[in-house]
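Chemist: Sending over a structure as structure tokens; questions will come in a sec.
The values are calculated or read from the model by the stated rules, or taken from the named source; none is laboratory data. Since we're looking at a predicted model, the values are computed, not measured. Positions of Cβ are generated from backbone atoms using ideal geometry, with glycine treated the same way; all protein chains shown enter the neighbour counts. Areas reflect the complete protein model, heavy atoms only, side chains present, ligands, DNA and RNA absent. Shrake-Rupley method; radii C 1.70, N 1.55, O 1.52, S 1.80 Å.
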Amino acid sequence: MPPYPWLFDLKVTPEEGDVVVSIPEEFAPRDGRQVIASKDALYLIAYLQELKQAPLSENVAPPDFLYKRETVSDKGSATATPTKSDGQALYVAHCQSCHQANGEGLPGAFPPLKGSKIVQDDDLEKYIDIIMNGYDSRPAYSVMAAVGTNADFTADDVAAIINFERTSWGNKAKEVTAEEIKKIVDFVKLKAK
Ligand code: HEC
């Protein structure tokens, strides 16, 4: 595959809000600069992610390099005890490519989370179901994939994301605890099977 340098910027010090692409050492820039995804790259990823994903057939092994996912236990250093999930970091990694850094989404593709009733509702079941299992309810928007299930979110991760979204961009809703939502997370996981 040829390189697409116009989709990326190189920076010595990434700025706040920059999405740093983690690249295997042998492909990283020699001068130590970091690779930052441009807006076009993020739009391209958002577009690709919203396409319906067909599962690989059983006798096709997923290539490690493409599909290796960070699990909760290898975030942070190997010896550290698991730290509390960071809602903003999880949002940047898993939601922002579609719903955008300002929570406003993109008209015609991704709905805003800023001011969203679902995000701020007291009833959390629909919200958690969307995070874990995806959502396809309105022709005005594209399809949201099963982001939480694909990334193996724990109740801790889900609570952290919910709290970040419920208290950002002017949203003001009660924060939740992992204990409080664990039952719902387990329930919506079962529903997906
Ligand atoms: C690949 C793009 C994409 C990603 C990544 C994504 N979403 Fe979505 N999301 C969508 C789309 C598209 C919809 C609307 C689907 C519809 O209504 O048909 C949506 C809808 C939602 C809604 C409903 C909002 C409302 O008021 O209608 C919530 C809440 C939500 N997403 C949360 C999240 C969270 C949290 C994450 C990260 C864990 C996330 N999304 C990641 C594309 C995405």
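Chemist: Of everything in the stretch 1-15, what is farther than 17 Å from residue 97 by Cβ and open to solvent by 90 Å² or more (accessible area, probe 1.4 Å)? Give them in sequence order.
Modeler: Hits for the stretch 1-15 are 1, 3, 6, 12, 13, 15.
Chemist: Okay, next question. Can you name every residue in the stretch 19-35 that is surrounded by 10 or more Cβ atoms within 10 Å (Cβ to Cβ) and modelled with pLDDT of 90 or more?
Modeler: 33, 34, 35 - these are the residues of the stretch 19-35 that are surrounded by 10 or more Cβ atoms within 10 Å (Cβ to Cβ) and modelled with pLDDT of 90 or more.
Chemist: Output the residues belonging to the stretch 125-142 that are surrounded by 14 or more Cβ atoms within 10 Å (Cβ to Cβ) and within 6 Å of the ligand (Cβ to nearest atom).
Modeler: 127, 130, 131, 135, 141, 142
Chemist: Among the residues of the stretch 93-124, which ones are open to solvent by 30 Å² or more (accessible area, probe 1.4 Å), modelled with pLDDT under 95 and within 6 Å of the ligand (Cβ to nearest atom)?
Modeler: Across the stretch 93-124, the qualifying residue is only 94.
Chemist: Further question on the same structure: Which one of these does residue 38 not meet: (1) touching a Leu at 6+ places or on another chain (Cβ under 6 Å); (2) open to solvent by 60 Å² or more (accessible area, probe 1.4 Å)?
Modeler: (2)
Chemist: Considering (1) near the ligand (Cβ under 8 Å from one of its atoms); (2) open to solvent by 60 Å² or more (accessible area, probe 1.4 Å); (3) under 19 Å from the mean Cα position of the chain (by Cα); (4) modelled with pLDDT of 90 or more, say which one residue 88 fails and leave the rest.
Modeler: (1)
Chemist: Identify the single condition in (1) open to solvent by less than 60 Å² (accessible area, probe 1.4 Å); (2) hydrophobic (A, V, I, L, M, F, W, C); (3) near the ligand (Cβ under 10 Å from one of its atoms); (4) at pLDDT below 95 that residue 72 does not satisfy, given that it satisfies every other one.
Modeler: Result: residue 72 passes all but (3).
Chemist: Just the residues that are more than 13 Å from residue 131 (Cβ to Cβ) and either in a loop (DSSP other than H, G, I, E, B) or open to solvent by 100 Å² or more (accessible area, probe 1.4 Å) (or both), please, taken from the stretch 168-178.
Modeler: If the condition is that a residue be more than 13 Å from residue 131 (Cβ to Cβ) and either in a loop (DSSP other than H, G, I, E, B) or open to solvent by 100 Å² or more (accessible area, probe 1.4 Å) (or both), then 168, 169, 170, 171, 172, 173, 174, 175, 177 are the ones that fit.
Chemist: Considering only the stretch 132-158, state which residues are over 16 Å from residue 90 (Cβ atoms) and not in a helix (DSSP H, G or I).
Modeler: 134, 135, 136, 137, 138, 139, 140, 141, 142, 143
Chemist: Moving on to the next point. Look through 128, 181, 118, 161 and report the one residue that is in a helix (DSSP H, G or I), more than 17 Å from residue 49 (Cα to Cα) and in contact with a Cys (Cβ under 8 Å, 6 or more places away or on another chain).
Modeler: It is 161.
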